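The values are calculated or read from the model by the stated rules, or taken from the named source; none is laboratory data. Everything quoted here is computed from the prediction, not taken from an experiment. So basically every Cβ, Gly included, is an ideal-geometry build from the backbone, and we count neighbours across all protein chains shown. Ligands, DNA and RNA are excluded from the accessible area calculation, which covers all protein heavy atoms including side chains. Shrake-Rupley method; radii C 1.70, N 1.55, O 1.52, S 1.80 Å.
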Amino acid sequence: MDREMLRTIYSLSPAYQRGVTGSEYEVIVVDNGSESPLKTDHWISRPGWKIRFFRLPPGDVSPCSAINAGVENARASHVCVMVDGARMLSPGVIDGILQQIRISSDSFVFTLGWHLGPQPQNVSITQGYSQKLEDKMLRQARWREDGYRLFDIASLAASSRGGWFSSINESNCFAISRAQFKVMGGFDQRFVSPGGGLVNLDFFKRAVESALLKPCVLLGEGSFHQVHGGVATNVPMEDHPGSVFAEEYQNIRGLAYQSPIYEPLYVGRLSQSARRFLS
């Protein structure tokens, strides 16, 4: 995922994120045993960017151990988890998270998810959408100059399709206190399917339904998925492994997965580009 990581890392950098300095947060990158180790030359030693890199042994197709290892190695009181290295962020995410956890340390702050391209990528890849088209689209959007332009070239992911004021069932960029992450047991390592199956939905459901946490939607911000051949995001719907994931979830939890029921707090602001998703 070298192509995708260059953009993901830049979108996490103090050169791009607004309202924060590089001294207020660090980025931890965990390579989950890639057959070809991730190339780090372009971003690991940038002045002012606090980045640490870990590489796990190959052989684990689930991200659970990698996520838990990243949190274990974090030094801050709170962590922001992004399961997928192909997810770029809008430029107010880190400042929005920091502001909310300073107000309430037991906040569970989360963003909605988008796919780059005209439709969710399970659909768009069957209609010619590709990495080459995505590269061209991102260049034309000049997203590095204004990251909110990502909203102009993206569509809501299926898990966020109801928009800002719906009860979404997954976030690919969420923040939580490190202590509470550990109290919850982290990402359940019994989820061993490629990509972790429903483990991200499982953690999200447990978090927003917990009496110990305050769910908070970060308005006007989001994560944006780049096309990279993902096991669930980048296959046609008829080939989606959803039934396998559902069976694994039921075997682990003893019941079928059901979307969580919760009443979140809404924090932040909506840029002009993000407002079109109000409807």
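For segment 1-75, what does the equivalent ellipsoid look like in terms of its semi-axes, each the square root of 5 times an eigenvalue of the Cα gyration tensor, given largest first in whole Å?
Working through the eigenvalues yields semi-axes of 23, 15, 10 Å.
Ignoring aspartates and glutamates fewer than eight residues from residue 39 along the same chain, the ones with Cα atoms less than 17 angstrom from its Cα are 2, 4, 31, 84. Which parts of segment 129-173 would a label at residue 240 reach, counting a residue when its backbone N lies under 12 Å from a point 7 Å out along Cα-to-Cβ? In segment 129-173, the label zone of residue 240 (backbone N under 12 Å from the point 7 Å along Cα→Cβ) covers 157-161.
Residue ranking by accessible heavy-atom surface, 1.4 Å probe, largest first, among 277, 54 comes out as 54, 277. Taken per residue, the accessible surface of segment 158-279 reaches 48 Å², heavy atoms only and a 1.4 Å probe. Considering only DSSP beta bridges whose two residues both sit in segment 106-253, what percent are antiparallel, to the nearest 5? The answer is about 40 percent antiparallel.
With a 1.4 Å probe rolled over the protein heavy atoms of all chains, the accessible area of 188, 60 falls in the order 60, 188, largest first. Ordered from largest to smallest accessible area (heavy atoms of protein chains, 1.4 Å probe), the residues 191, 53 come out as 53, 191. Each peptide in 166-174, 132-140 was scored by the mean count of other Cβ atoms within 10 Å over its residues; highest first, the order is 166-174, 132-140.
Rolling a 1.4 Å probe over the protein heavy atoms gives segment 1-124 an accessible area of 43 Å² per residue. For segment 147-265, carbon and sulfur atoms together expose 54% of the accessible surface, with a 1.4 angstrom probe and every protein chain in place. Subtracting the Cα-Cα distance of residue 184 and residue 56 from 0.36 nm times their residue separation leaves 43.8 nm of extension gain. Take residue 49: with every protein chain present and a 1.4 Å probe, its accessible area is about 40 Å². Here the dipole of the chain is about 780 debye; that uses its Cα centre as origin and unit charges on the Cβ of Lys and Arg (positive) and Asp and Glu (negative). Taking max minus min of the alpha-carbon positions on each principal axis, the chain gives extents of 48, 45, 44 Å, largest first.
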